[in-house]
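Engineer: Have a look at this one before I ask anything.
The values are calculated or read from the model by the stated rules, or taken from the named source; none is laboratory data. Since the structure is predicted, the reported quantities are computational estimates derived from the model, not experimental observations. Counting neighbours? That spans all protein chains shown, and the Cβs are built from the backbone with ideal geometry, glycine included. With ligands, DNA and RNA removed, areas are computed over all heavy atoms of the protein, side chains included. Shrake-Rupley method; radii C 1.70, N 1.55, O 1.52, S 1.80 Å.
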Amino acid sequence: MTNPLDLLGINTLRFLSVDMVQKAGSGHPGLPLGAATMAYALWTGHLKHHPANPQWPDRDRFVLSAGHGSALLYSLLYMTGYDLSLDDLKQFRQWGSKAPGHPERGHTPGVEITTGPLGQGLANAVGMAIAEAHLSARYNQGDYAPIDHRTWAIVSDGDLMEGVAAEAASLAGHLKLGKLVCLYDDNRVTLSAGTDITFSEDRVARFQAYGWQTLVVVDGNDLDAVNAALVAARAETTRPSLILVRTHIGFGSPEQDSFKAHGSPLGIEDVSRTKQALGWPLDPPFLVPAAALEHFRRALARGEQAEADWNSRMRGYAEAFPALCAELQGRLRGDLPAGWDTEIPDFPADEGGIATRVAGGQVMNAIASGLPALFGGSADLDPSTHTALKGQGTFNPPLRVGENPQGGDAGGWSFAGRNLHFGVREHAMGAIINGLAAHGGYLAFGSTFFIFSDYMRPAIRLAALMGLHVVYVFTHDSIAVGEDGPTHQPVEQLASLRAMPNLTLIRPADANETAVAWKVAIETRDRPVLLVLTRQDLPTLDRNQYSSAEGLRRGAYVVRDAPAATGKRNGLDLILLASGSELTLVLAATERLQAEGVAVRCVSMPSWDLFDAQPQSYRDEVLPPAVHARLSVELGSALGWHQYVGDKGEVLSVDRFGASAPAGALMREFGFTTDNVVARARRLLDAEIS
């Protein structure tokens, strides 16, 4: 039987949550009522954290993957002493509150990751567990263990239904992430129905097949059983653990076990009935018994002691391994090591050139040894995306005797490896690198073909929302992919991702722009950066003849200008703009038109985001308002280009799906030829005259 103090603490969590939802007039009371016991057990007996210092590096990470139950998390944060007040709880879901509708990283102290889209949080937790495993393998030395913590998550039926969770759980089992524990709120109810009409698989057998330890708690209100399962999960070091806790959504309410308790306030009468059923005073709302608060707030002293012990270990570690300690501390602070960029190549002019994906791979390998935080991989596409970090090892459990798998790195197989093989799992890859970035100590990257960014869009959006510093390397960027056909040829992806707030997208035009793009991606700290690279070779421009590729830092720059005083309007007749591979095409058209006496300016525009952030004076310098004849050229949707070409300009674009054919044939059929660009430019000029 649960002792009175524990029951008081559990019910305090329940009714703070219920009162929050009721006062807000919206929210999800069912999960907090049902899952309060497991949350209480974890937060008071197993979670290593320090509420007075939520960013302490060796804390355990907690993820509420079932983010709709946010009221429960805010109750836990308030009760254990984080910088969240009772007044904040009373402003649940209101403008400016620290208690928004779903947990938001950076908004509420103690919230590790933004959750709400189901399945993402579980996959984020896998990323955090990978982060801990790699850091501990790289930096722990014998008895000196500066990195030693766990990742915990509460997941729901909906989380386990989502495909991203299946991908992530499969990879976690393969990787044997023994410090990952997920508490499954097995209440068998979703928002609109019972799970018996949609979700009948054997979840125990499923996760066992993934390679997880599975533990079952038949009564989610049995605190001793929950604690015993948590102890067993902590004892398992070679498998992640799923604890299936049979709970009752809306426990104690008239709507217990009904989907009606999931996503709406109980209502004034049912709140009263629920409090009566569980022996809780009807008034006042937001009651916090002093004994319960004192019991929860012991987390402050435990956290202070745990952090003090860690600081002591770090002092010993710094004395014994000063170089490793300095590197680790720099990573945890997010510092860039001195000279990290000194080996980035300066690519010589080459008419034959190389694909920007190949140039990107060379840049990555040039910086890898000087930037130990660089960590990631591709969705089974390393040979195509060129994102393998050569000699840096494969992140995987050590090989057993006789194992000799294909595709590994010469640097060996261990948790210290920096090449993470995601397999064909783009959904999970996006969420896992978010978890790595949120954990801290990483510049995480993920790579696939640009068309498959569609699989990753939910995770990309969450990275942008959180301001996470991750890098996406997307290759095969246009219909120039060629014979693979329209299923593999991006069209609308550039426009779609450019529309996303707080995401910097860069589409470099040659090898040297790619090198600068990587510098920008690494130096940018407050948002994700997305690099869009070619499959096909592109000429490497002679930067003695054209402007420096450093102009990429400003988003758009003049690559080749008209000779002075040759044009009809302030020395300029026409502006041609392009991003990526089309810059070569536009340069050829520029040179032909200039030979005919037309004053043409050629502008490389690899990043709208960076250009829009420049002062108006610079933007007007690159695109003078008085020059109305403008033509943009890009192998993608026209959407958005009109803000740069104006109402008198034109856009050469791809606004239908591609086709299966050699790249050269596609360029011709879609009008991406020098002759067509020149003809379009002449029509613009003729229209100006008429």
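Engineer: Being touching a strand residue (DSSP E or B) at 6+ places or on another chain (Cβ under 7 Å) and among the basic types (K, R) is the filter; apply it to region 223-260 and report the residue that is nearest to G45 (Cα to Cα).
Structural biologist: Checking each candidate, the answer is R246.
Engineer: Go through region 117-143 and give me each residue that's surrounded by fewer than 24 Cβ atoms within 10 Å (Cβ to Cβ), of a type in the set (G, A, S) and modelled with pLDDT of 95 or more.
Structural biologist: Within region 117-143, A133, S136, A137 meet the criteria.
Engineer: Hey, another quick one. Right, S85: surrounded by fewer than 20 Cβ atoms within 10 Å (Cβ to Cβ), under 25 Å from I243 (Cβ atoms), of a type outside the set (F, W, Y) and modelled with pLDDT of 95 or more or not?
Structural biologist: When the stated conditions are applied, S85 does not pass them.
Engineer: Among the residues of region 662-690, what is the count of those that are in contact with a strand residue (DSSP E or B) (Cβ under 8 Å, 6 or more places away or on another chain), outside any helix (DSSP H, G or I) and crowded, with 17+ Cβ neighbours inside 10 Å?
Structural biologist: Number satisfying all stated conditions: 1.
Engineer: Which one is farthest from A437 (Cα to Cα), of the residues in region 88-105 that are assigned to a loop (DSSP other than H, G, I, E, B) and open to solvent by less than 40 Å² (accessible area, probe 1.4 Å)?
Structural biologist: Looking at residues that are assigned to a loop (DSSP other than H, G, I, E, B) and open to solvent by less than 40 Å² (accessible area, probe 1.4 Å), I get F92.
Engineer: Can you tell me which residue among L635, L639 is open to solvent by 70 Å² or more (accessible area, probe 1.4 Å), in a loop (DSSP other than H, G, I, E, B) and either over 17 Å from D573 (Cα atoms) or in contact with a Phe, Trp or Tyr (Cβ under 9 Å, 6 or more places away or on another chain) (or both)?
Structural biologist: The conditions single out L639.
Engineer: Can I ask one more? Please specify each residue of region 587-609 satisfying the condition of being closer than 14 Å to G555 by Cα and open to solvent by 30 Å² or more (accessible area, probe 1.4 Å).
Structural biologist: D609
Engineer: Something else about it: Checking the structure you have, find out if any residue of region 144-157 is surrounded by fewer than 24 Cβ atoms within 10 Å (Cβ to Cβ) and not in a loop (DSSP other than H, G, I, E, B).
Structural biologist: Yes, region 144-157 has at least one match.
Engineer: Which of the residues belonging to region 239-276 are open to solvent by 60 Å² or more (accessible area, probe 1.4 Å), in a loop (DSSP other than H, G, I, E, B) and charged (D, E, K, R)?
Structural biologist: Those that are open to solvent by 60 Å² or more (accessible area, probe 1.4 Å), in a loop (DSSP other than H, G, I, E, B) and charged (D, E, K, R): R239, D257.
Engineer: Go through (1) in a loop (DSSP other than H, G, I, E, B); (2) open to solvent by 60 Å² or more (accessible area, probe 1.4 Å) for G580 and report which single condition fails.
Structural biologist: Among (1) in a loop (DSSP other than H, G, I, E, B); (2) open to solvent by 60 Å² or more (accessible area, probe 1.4 Å), G580 violates only (2).
Engineer: Might you check whether a residue that is within 29 Å of S192 (Cα to Cα), open to solvent by less than 60 Å² (accessible area, probe 1.4 Å), outside any loop (DSSP other than H, G, I, E, B) and not hydrophobic (A, V, I, L, M, F, W, C) occurs anywhere in region 280-302?
Structural biologist: no
Engineer: Let me ask something else. What tally of residues in region 71-92 results from selecting those that are over 27 Å from the mean Cα position of the chain (by Cα) and small (G, A, S)?
Structural biologist: Number satisfying all stated conditions: 2.
Engineer: Return only the number of the condition from (1) assigned to a loop (DSSP other than H, G, I, E, B); (2) farther than 21 Å from I130 by Cβ; (3) not hydroxyl-bearing (S, T, Y) that W518 does not satisfy.
Structural biologist: (1)
Engineer: Determine which member of the set R507, R525 is surrounded by fewer than 22 Cβ atoms within 10 Å (Cβ to Cβ) and basic (K, R).
Structural biologist: Within the list R507, R525, the selection yields R525.
Engineer: List every residue pair whose Cβ atoms sit under 8 Å apart, with the two residues 6 or more apart in sequence or on different chains, where the first one lies in region 106-117 and is within 18 Å of H439 (Cβ to Cβ) and the second, anywhere, is aliphatic (A, V, I, L, M) and in a loop (DSSP other than H, G, I, E, B).
Structural biologist: Here the result reads T108/L84; T108/A99; P109/L84; G110/L84; T115/A66, each pair linking region 106-117 to a residue that is aliphatic (A, V, I, L, M) and in a loop (DSSP other than H, G, I, E, B).
Engineer: Which one is nearest to A145 (Cα to Cα), of the residues in region 329-339 that are open to solvent by less than 30 Å² (accessible area, probe 1.4 Å) and touching a residue at least 12 places away in the same chain (Cβ under 8 Å)?
Structural biologist: R331
Engineer: For residues that are more than 26 Å from the chain's Cα centre (by Cα) and either at pLDDT below 95 or open to solvent by 10 Å² or more (accessible area, probe 1.4 Å) (or both), scanning just region 32-70, find the one that is nearest to I432 (Cα to Cα).
Structural biologist: H46
Engineer: I need the full set of residues from region 583-613 which are in a helix (DSSP H, G or I), among the small types (G, A, S) and touching a helix residue (DSSP H, G or I) at 6+ places or on another chain (Cβ under 9 Å), in order please.
Structural biologist: The answer is A588, A589.
Engineer: Give region 186-232 a look and list any residue that's open to solvent by 60 Å² or more (accessible area, probe 1.4 Å), in a helix (DSSP H, G or I) and either under 26 Å from E167 (Cβ atoms) or polar (S, T, N, Q) (or both), or say none.
Structural biologist: Listed by number, the residues that qualify are D196, I197, Q208, A209.
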